[in-house]
1. Taking square-rooted eigenvalues a ≥ b ≥ c of the alpha carbon gyration tensor, is the stretch A:130-220 rounded, prolate or oblate, where a/c under 1.5 means rounded and, failing that, a/b exceeding b/c means prolate?
2. Going by alpha carbons, how many degrees (0 to 90, nearest 10) lie between the helix axis of B:294-304 and the longest principal axis of chain B?
3. To the nearest 10 degrees, how steep is helix B:156-168 against the longest Cα principal axis of chain B, on a 0 to 90 scale?
4. What accessible area, summed over both chains, is buried at the A-B interface (1.4 Å probe, Å², nearest 100)?
5. Label the stretch B:103-162 by shape, choosing from rounded, prolate and oblate, from the square roots a ≥ b ≥ c of the eigenvalues of the Cα gyration tensor; if a/c is under 1.5 it is rounded, and otherwise prolate applies when a/b is larger than b/c, oblate when it is not.
6. How much FRET efficiency would the formula 1/(1 + (r/R0)^6) give for B:Lys94 and B:Glu179, where r is the Cβ-Cβ distance and R0 is 41 Å, rounded to 0.05?
7. I need the shape label for chain B. Rule: rounded when a/c is under 1.5, else prolate if a/b > b/c, else oblate, with a, b, c from the alpha carbon gyration tensor.
8. Where in the stretch B:130-145 does accessible area fall by at least 30 Å² between the isolated chain and the complete protein assembly, at a 1.4 Å probe radius?
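The values are calculated or read from the model by the stated rules, or taken from the named source; none is laboratory data. Since we're looking at a predicted model, the values are computed, not measured. For neighbour counting, all protein chains shown are included, and Cβ atoms are generated from backbone atoms with ideal geometry for every residue, glycine included. Ligands, DNA and RNA are stripped out before the accessible areas are found, and what is left, the full protein with its side chains, is counted by its heavy atoms. Shrake-Rupley method; radii C 1.70, N 1.55, O 1.52, S 1.80 Å.
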Amino acid sequence: MPGDSTPAASQAASTSALKSAPSAASHPDPSSITVTKAIPPTFDLGNLLCHDPTPLPPLPPPALLAATARDCAQSLINQLLTACPVVTAAAGGGVLMALPPATFPLPREKPLPRKKAETTWERFAKKKGIRDRKRGEGGREYDAGKGEWVPRWGYKGRNKDGEGGWIVEVDEEKERGLEGEGTGKTVRGEGRRDRVEKVRRNERKQRANERKGRKSGGGG
Amino acid sequence: MLRQIKPKNARSKRALAKQEPLMQENAKTTLFLKGTSSSSLVNDLLTDIHSLKRPYAIRFTKKNPIHPFEDASSLEFFSQKNDASLMVFGSHSKKRPHSMTWVRCFGGQMLDMLELYVVQETARTLQQFKGEKCKVGVKPLLSFSGAQFESPVSNQYTLAKSMFVDFFRGAETQTIDVEGLQLLISFFVGEDGEDGHPAKIQMRCWRIVTKRSGQKVPRVEVEEIGPRIDFRVGRTREANEGVLKEAMKTGKGSEAKPKKNVETDVVGDKIGQIHLGRQDLNELQTRKMKGLKRGRDLDIDEEGEGEGEGAEEDEDVISEEEQDMGNGVKLKRPRLT
């Protein structure tokens, strides 16, 4: 009789469920999405990783392996679909999900990148407190005497102050030295000569630093 | 040790620059190679694991006279030469049948090693499974079942777990396509048997099949696609503590800064909050009209002087038509409110 056979069948099902706890037979509903485990699994969603610490018998049968794998997959996908926010895909693809950063500790492939060695200029600038300026920044300064902002260098630059004055103080010693060479140098060109020499000196230093940097192999 | 090359042209410079250490690292490349004597079983399984690992894998086909646990220098050379930090070395001998040595490198030097022997009776290759296979290069789901993988003290099983995660996790990604969740690689370890034999590690690969469950989350079924491998654990070499500490470092600032005032709602739309300054209504730009022009104002002032004070009080804003009709005889100054 059908009335008698059903309890017997359910009895058999329950005993088989007892024998292999998390097997497929333990799910009465084939469309169930809930997973019950003795010890709940933990996840690392960044690596799509499921840690399932429930102990297995010494020689687990294949059916148990399949059921355990299914349970892990189900619980991992449950977790993914509930915990991860959905990112709408731009190019007509499927549903994209944002994964959290991975947490399982793994060694790196290579050591952390080392900082590049300082160049001579960088070291010098740090010592002197010179910082990089943006284009146009600091090109002008306030001239209290004129009461306006004037350029530091270039056309009508402040570094040319005192050049081209209509009257020049003459140091006789110096004047004699210039004339002695007979090169057509005058005291009037003194300021300009100093300025040009300063530029040349700086260029010389720059080249020397580059050469030194290349030799020591640092920074470059 | 690899010769230090000084790049002489732009191409070799680029190639070398690609191998330099990065703050956020690329996916590790795996090298598959075999010893002077190797069994066809191990070769086949190496091929299968290689196909799971593609595209982050290189396969060598020649024999190599290497014994990783005696001298790993050749492996280190290969690691540096190929910019590969993971290796699987297959070999077979009477004493160590069907062995696979899983090697991890850090900065071109060997970090740790794990020797696993394939149990011949239960091993099945990818070809021996009929049915649909997974696509190449999908990021697999990984699962580790068994209490021994979770041991608080590091043992051969925790080492194996760390190795397998490193080998199979693929590239790190911020997002994943739901369609791409196709492959599950699961590892099982039982309790140690009564006969004193240490437990085997069982590796199984499954294709994930989803079915409608009537709810938001689908019902998941698994279908074995191979390879199926049972490993007995052999020799291990743990990482040097100092080197491991160096290898576990994560750079400062590698973690993403939390974004303020930007959030994503349930539908997946991005919502941002913007803070504006206080609005000054006196500066508000209203409709522009000819009559409001400042230049005119001055003219009117001069003209309007003869009109007297009374006329100016009850004036109104004039539209352009009105102005035209008035033939420009009288222009009134608009009242500013």
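1. Here the stretch A:130-220 falls in the oblate category.
2. With rounding to tens, the tilt is 10 degrees.
3. 50 degrees
4. Roughly 5300 Å² of accessible surface disappears when A and B pair.
5. Details: a/c = 1.75, a/b = 1.50, b/c = 1.16.
Taking the square roots of the gyration eigenvalues as a ≥ b ≥ c, the stretch B:103-162 is prolate.
6. On the way: r = 47 Å, r/R0 = 1.15.
Efficiency, from the Cβ-Cβ distance: 0.30.
7. Working: a/c = 4.00, a/b = 2.84, b/c = 1.41.
Judged from the Cα gyration tensor, chain B comes out prolate (a/c at least 1.5, a/b above b/c).
8. B:Lys139, B:Leu141, B:Leu142, B:Ser143, B:Phe144, B:Ser145
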